[in-house]
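What follows is a short report on a single structure.
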Amino acid sequence: MRDLAKLSAAAAATAVLATTIVTPARAATTSVPATAPAQAAGISWRACPAGPGVDPRQECATLRVPMDHRKPGGPAISLAVSRIKTAKPATRRGVLLIIPGGPGSPGLNRPSVQVGKLPRDVLDRYDLVGFDPRGVGQSSPVSCGLEARDLSVTRLKPYPDADGGIAENLAWSRRIAEACARNGGPLLRHISTRNEARDIDRIRQALGEKKISYWGVSYGTYVGAVYATLFPGRTDRVVLDSNDDPDPRRVARQWLANYAVGVEDRFPDFAAWAAARHDEYGLGADPAALRRTFLDLAAGLDRRPLPWPGANPEVLDGNLLRETLLNALYADANFPMLATLMRAARTGAELPPASTPPAAVMQNTAAHAGATMCNDVAWPGSAGHYQRQVKSNRAAYPLTGGMPVNVGPCLFWPFEPAEPPVRVTSRGPANVLLIQNLRDPSTPHSGALQMLRAFGQRARMVSVDSGGHGVYLANGNACGDRAVTAFLTTGHLPRHNTTC
């Protein structure tokens, strides 16, 4: 979402944060010998392949782990791991593992991204470690081999039809689940948050660390919370940034539902920004007028979509505008893009260029996301349940059009969850710092409060008076950044929950 031409591509990439199942061509098993033994410990580092944004200090390695951790002697898969070692070994404390979001986001090159942002005091104390989660990127990737039509961003997040009907969503959900059952391979049923946490512990062992510090962002907060619950004695300093609600009864269903809350929390920031620039964009002179403009424009596009070559679908309809809004709310820097698109759609001007990410990337990310969500927890099995939910949600949260509670592939998923969801608890050391924006469109503050309650006295939370998704060194403020840096360098939690 760095420029207008990338709005739809960013929307597509973020769409798979929470609703489907796909990825690049049957790679689930092609590089995984069926009887390869899992590696217990030790990593052989090598130079990472050169590429855009890859720091020359970053090293890469491949770690073998069980496909099914309950059968450690069975088939194994590969995890791609990376690191940038601290430049000051004399002050080294250990490793700081960066847990990516998603589900379905890669993390192999996160050390290269963060080494230029993290304060020197942190870099002096930690080797930065990244990884692609199982099924993602270079780590034995999965794919369901979906048709191009099923990679539409307004299907990957399940926006209902303009009238609120869900018949098309039901048909799409069935196609996705059947494609995954047919093409996903054996790894697909072993993708879950619990297994990602187990993989992290295998990484810890291979690195030779008794304890591990980590920084989880977005979905990575839930992964980090699950790890801290399963392996509390192996955690050192834990930072969870932009927190998911860990409700074990709902898990990803709650994350999706929270989009409705988060967008409502965040929209006033955009509305105030655009209203202050009414002379430029003409969208309304006050925040209330901005809200009316957006809702009226979305409803008009529901009735008469505009051609938008390069998008998927290649029309700007009301749902694609709603999805673009959600993604634009991730950072204030996106506000001009959204306002420009809305102005063009209202005035009949030429729409800005649209683009979509490569199909292989969408396939991989969506397959992993869907597998995680469906394998973590059982979902309601009645189409009528979802239709009722959509009707009430559209009325209560019109900005998101009923998408957050709509049906998805989990209704027809071919596998039952192999294990129950992990219930995050207060058992373990007091070494967890939560950092959270007050107005996050994706992981709202209300969900972060649930994470805080689950951890009890193990955790403290710093709430940051900012909008957007991502806090530390991102959309936060200097006060919030100082709190995280101080914790990583000293290990001391704030005495009380606080607001910056």
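Derivation of every value follows stated rules applied to the coordinates shown; laboratory data play no part. Since the model is a prediction, treat every value here as computed from it, not as a measurement. Ideal geometry is used to build each Cβ from the backbone, glycine not excepted, and the neighbour counts take in all protein chains shown.
Using the structure shown, decide if Asp247 is over 30 Å from Asp317 (Cα atoms), outside any helix (DSSP H, G or I) and touching a Ser or Thr at 6+ places or on another chain (Cβ under 7 Å). Taking the combined requirement at face value, the residue does not satisfy it. A count restricted to segment 306-348 and to residues that are of a type outside the set (D, E, K, R) and farther than 22 Å from Ala276 by Cα stands at 14. The set of residues in segment 88-137 being assigned to a helix (DSSP H, G or I) and either under 21 Å from the mean Cα position of the chain (by Cα) or within 30 Å of Lys157 (Cβ to Cβ) (or both) consists of Arg110, Pro111, Ser112, Val113, Gln114. A residue that is part of a loop (DSSP other than H, G, I, E, B), among the β-branched types (Val, Ile, Thr) and within 22 Å of Ala228 (Cβ to Cβ) occurs somewhere in segment 432-454.
Annotation: of all residues in segment 176-210 being of a type outside the set (A, V, I, L, M, F, W, C), assigned to a helix (DSSP H, G or I) and within 18 Å of Ala148 (Cα to Cα), the one that is farthest from the chain's Cα centre (by Cα) is Arg182. Looking across segment 354-379, the residues that are closer than 19 Å to Val405 by Cβ and in contact (Cβ under 8 Å) with a residue 60 or more places away in the chain come down to Ala369, Gly370, Thr372, Met373, Cys374, Asp376, Val377, Trp379. Just a yes or no: is a residue in segment 386-395 among the polar types (S, T, N, Q), surrounded by fewer than 15 Cβ atoms within 10 Å (Cβ to Cβ) and not in a helix (DSSP H, G or I)? The answer is no, given that none of the residues of segment 386-395 is among the polar types (S, T, N, Q), surrounded by fewer than 15 Cβ atoms within 10 Å (Cβ to Cβ) and not in a helix (DSSP H, G or I). Contact map, segment 415-429: residues that are under 29 Å from Ile176 (Cβ atoms) and touching a residue at least 24 places away in the same chain (Cβ under 8 Å) paired with residues that are of a type in the set (Gly, Ala, Ser) and in a loop (DSSP other than H, G, I, E, B), Cβ distance under 6 Å, separation 6+ or inter-chain. Pairs shown: Pro417/Ala378.
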